[in-house]
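K.L.:
Below is the structure I would like to discuss, written out as structure tokens.
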Amino acid sequence: MTFKTITIEQHEDIAVLLLNRPDKLNAFTFLMMEELIIALDVIEADDNLKAVIISGAGRAFCAGADLSSGKDTFNPSFDSFAVKEDDFRRDSGGILTLRMYKFLKPIIFACNGPAVGIGASMQLPGDIRIASEDARFGFVFNNRGIVPDACSSWFLPKIVGISKALDLTFSGRIIESHEALDISLISSIHKPKNLIDDAIRIARELVEKSAPISIAITRQMLWRSFGQSDPYDAHVIESKAIDSRGASDDAKEGVNSFLEKRPAKFKNLISSDMPEFFPWWDDTD
């Protein structure tokens, strides 16, 4: 499949997506959003791919929204590609991150350089975020006279805490990778030349011993737990999932492989064997 703003590579069972507008520092466009969503759809539907890594080509991860429209960049009146509801324009960054939120496989962001605006906020739905020594992050929306995008007002406080989220968004200050690590925005820092290889290694560690359907259900259980006011709903979903998975061929294989001291070979597929209760939520996006 050919894209104009991204590339997709396959490293055995791991997909690597690269934002690919290096001459524009991978500035975000509506086409990039569309192509990322198409790529995520393709990866999710392919049972041979177990996880996805997202990084950037060139020296930047993403310099934020493409500002080539000048002062009208954020003006909805000049956005002919906007997705519109009855009385408002849907933020394109949010359309992308909501697709990531519903994704059924691990997402690892490998931030290779500067990541500002949507370049920073699109990374928040990642299950793991790592960065090179050259990475920098800036939630610069207030500096541009707008507000945080890509559902970052929901994601960011849950990752770094409310006070730090307000600090980063009020000021719009740029932080280096070491501060990003200190506040848990990222989980590790890597040499630039090793970043993708390290990300592939991390991705493989996540998936190589676990059943794909179990990972898919677990990812949704944990992310969606943020909206629960108490543990009772979690108990209901866990009970349904344990009953469903407990009767599956994967569960039999998981137990037998443990008793026989051998690697498990899980055969249930995301494309065809998800349980009847899944999905259990009612998204309106």
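Where a number appears in this text, it was derived from the coordinates with a stated rule and is not lab data. Just so you know, these numbers come straight off a predicted model, no measurement behind them. For neighbour counting, all protein chains shown are included, and Cβ atoms are generated from backbone atoms with ideal geometry for every residue, glycine included.
K.L.:
May I ask for log10 I(q)/I(0) of region 201-252 at q = 0.15, 0.20, 0.25, 0.26 Å⁻¹, from a Debye sum over the Cα atoms as equal point scatterers with solvent left out?
P.N.:
Computed log10 I(q)/I(0) values: -0.50, -0.78, -0.99, -1.02.
K.L.:
Given the alpha-carbon gyration tensor of region 167-281, what are the semi-axes of its equivalent ellipsoid in whole angstrom, ordered largest first, with each equal to the square root of 5 times an eigenvalue? Don't skip to the end; give the middle numbers.
P.N.:
On the way: eigenvalues 226, 107, 25 Å².
For region 167-281, the semi-axes come out at 34, 23, 11 Å.
K.L.:
What is the local net charge at Lys24, summed over the other residues whose Cβ is closer than 14 Å to its Cβ (Lys, Arg +1; Asp, Glu -1)? Mind showing how you got there, number by number?
P.N.:
Working: positive: Lys4, Arg21, Arg59; negative: Asp23, Asp66.
With Lys, Arg at +1 and Asp, Glu at -1, the net is +1.
K.L.:
Find how much the distance from Val147 to Ile174 grows on full extension, using 0.36 nm per residue of separation minus their present alpha carbon separation; answer in nm with one decimal. Walk me through the intermediate numbers first.
P.N.:
Working: separation 27, 0.36 × 27 = 9.72 nm, distance 1.61 nm.
Net length gain for the segment: 8.1 nm.
K.L.:
With 10 angstrom as the radius, rank Cys151, Cys62, Cys111 by how many other C-beta atoms surround their C-beta, starting from the fewest. Don't jump to the answer; show the numbers that get you there.
P.N.:
Working: Cys151 22, Cys62 29, Cys111 32.
By the 10 Å Cβ count, ascending, the order reads Cys151, Cys62, Cys111.
K.L.:
In nm, what is the difference between 0.36 nm times the number of residues separating Asp47 and Asp167 and their Cα-Cα distance?
P.N.:
On the way: separation 120, 0.36 × 120 = 43.20 nm, distance 4.12 nm.
Extra length available between Asp47 and Asp167 comes to 39.1 nm.
K.L.:
With a point put 7 Å past each Cα toward its Cβ, work out how far Arg89 is from Asp182 in nm, to one decimal.
P.N.:
Inter-label distance under the simple model: 3.8 nm.
K.L.:
Is it possible to state the helix-based mean residue ellipticity at 222 nm for the chain, with each DSSP H run of 4+ residues giving -39500 (n - 2.57), the sum divided by total residues, to the nearest 500 deg cm²/dmol? What is it?
P.N.:
Values: 10 runs with 107 residues, N = 285.
After summing the helix terms and dividing by residue count, I get -11500 deg cm²/dmol.
K.L.:
Loop-only check: which GluC sites (Glu not before Pro) in region 1-69 are DSSP coil with at most 16 other Cβ within 10 angstrom? All intermediate terms of the calculation are to be shown ahead of the outcome.
P.N.:
Values: sites: Glu9, Glu12, Glu34, Glu35, Glu44; in loops: Glu12.
Answer in residue order: Glu12.
K.L.:
Listing Lys4, Lys240 from the residue with the fewest other Cβ atoms within 10 Å to the one with the most, what is the order? Write out the running numbers ahead of the final one.
P.N.:
Working: Lys4 11, Lys240 16.
So the ranking, lowest neighbour count to highest, is Lys4, Lys240.
K.L.:
If we count other beta carbons within 10 Å of each Cβ, what is the order of Met122, Met1, Met33, fewest first? Mind showing how you got there, number by number?
P.N.:
Numbers: Met122 29, Met1 7, Met33 24.
Fewest-to-most Cβ neighbours within 10 Å comes out as Met1, Met33, Met122.
K.L.:
May I pose another question? What is the ratio of the Cα radius of gyration of region 214-283 to 2.2 N^0.38 Å, with N the residue count, to two decimals?
P.N.:
Values: Rg = 13.7 Å, N = 70, 2.2 N^0.38 = 11.1 Å.
It is 1.24.
K.L.:
Below 8 Å, C-alpha to C-alpha, sequence gap of six or more: please give me the relative contact order for the chain in percent.
P.N.:
Working: 476 pairs, mean separation 44.6, N = 285.
Over the chain, the number comes to 16 percent.
K.L.:
Quote to one decimal, in nm, the extra length available between Arg204 and Ser225 on full extension: 0.36 nm per residue of separation minus the C-alpha distance between them.
P.N.:
Numbers: separation 21, 0.36 × 21 = 7.56 nm, distance 2.51 nm.
Between Arg204 and Ser225, full extension yields 5.0 nm more.
K.L.:
Could you compute how fast the chain diffuses translationally, taking Rh as the Kirkwood radius over C-alpha pairs and applying Stokes-Einstein at 37 °C with viscosity 0.692 mPa s? Give it in µm² per second.
P.N.:
Working: Rh = 20.0 Å.
For the chosen part, D equals 164 µm²/s.
K.L.:
Cα convex hull of region 105-198: mean projected area in nm², to one decimal? The partial results should precede the final answer.
P.N.:
Values: hull surface 22.0 nm².
Average of the hull's projected areas for region 105-198 equals 5.5 nm².
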